[in-house]
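Novice: Handing you this structure, nothing more for now.
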Amino acid sequence: MDCKTEQVPLNLNNYPNQGPNAQMVTTTVVNVAPSVTSVRDHFLWSIFNFAFMNFCCLGFVAMVFSVKSRDRKVVGDVEGARHYASTARTLNIVTAVLSSLLFIICFAMLLAGTFHAARTVQHSDLWN
């Protein structure tokens, strides 16, 4: 943290009951920078997966790791936050892929069952 001290002339002409002489005032400037670097905790992605794509509760587990990453970031443990965030990201990817595959497979089976039922009805009409 760097602090700079400098002499700044104060113009007293603008204030009532002050003389035309300017006084020297010492000022101190303190630059405050964030102490923790930015670590993505993937919290919103985890919330989405928990709410809409919670395959085998992996969305919930990803949300837990996202919260742990956020807690580590607040404490100042950047490496711990990165580790938990990486785990949350991996779990979110796995959850999204498995849930999408499950949806695609269910849709394909529904479609195949519908076509099979329609064909069965057509064949039974031909024999009657």
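Novice: Consider I105 carefully, then state whether it is under 19 Å from R40 (Cβ atoms), assigned to a helix (DSSP H, G or I) and open to solvent by less than 100 Å² (accessible area, probe 1.4 Å).
Specialist: Details: under 19 Å from R40 (Cβ atoms): no; assigned to a helix (DSSP H, G or I): yes; open to solvent by less than 100 Å² (accessible area, probe 1.4 Å): yes.
Here the answer is no, as I105 does not meet what is asked.
Novice: Mind telling me which of the residues A117, A108, A62, A81 ends up being in contact (Cβ under 8 Å) with a residue 40 or more places away in the chain and not hydroxyl-bearing (S, T, Y)? Spell out how you get there, then give the answer.
Specialist: Values: A117 fails: in contact (Cβ under 8 Å) with a residue 40 or more places away in the chain; A108 fails: in contact (Cβ under 8 Å) with a residue 40 or more places away in the chain; A62 fails: in contact (Cβ under 8 Å) with a residue 40 or more places away in the chain.
Result of the check over A117, A108, A62, A81: A81.
Novice: What number of residues within segment 84-105 are of a type in the set (A, V, I, L, M) and in contact (Cβ under 8 Å) with a residue 24 or more places away in the chain?
Specialist: The qualifying residues number 7.
Novice: Condition test on V97, is it among the hydrophobic types (A, V, I, L, M, F, W, C), modelled with pLDDT under 95, part of a helix (DSSP H, G or I) and open to solvent by 70 Å² or more (accessible area, probe 1.4 Å)? Working first, answer last.
Specialist: Working: among the hydrophobic types (A, V, I, L, M, F, W, C): yes; modelled with pLDDT under 95: no; part of a helix (DSSP H, G or I): yes; open to solvent by 70 Å² or more (accessible area, probe 1.4 Å): yes.
In short, no.
The values are calculated or read from the model by the stated rules, or taken from the named source; none is laboratory data. Computed from a predicted model, the values in this text were never measured in an experiment. Methodologically, a virtual Cβ is constructed for each residue, glycine included, from the backbone with ideal geometry; neighbour enumeration extends over all protein chains shown. Only protein heavy atoms, including side chains, enter the accessible area calculation; ligands, DNA and RNA are left aside. Shrake-Rupley method; radii C 1.70, N 1.55, O 1.52, S 1.80 Å.
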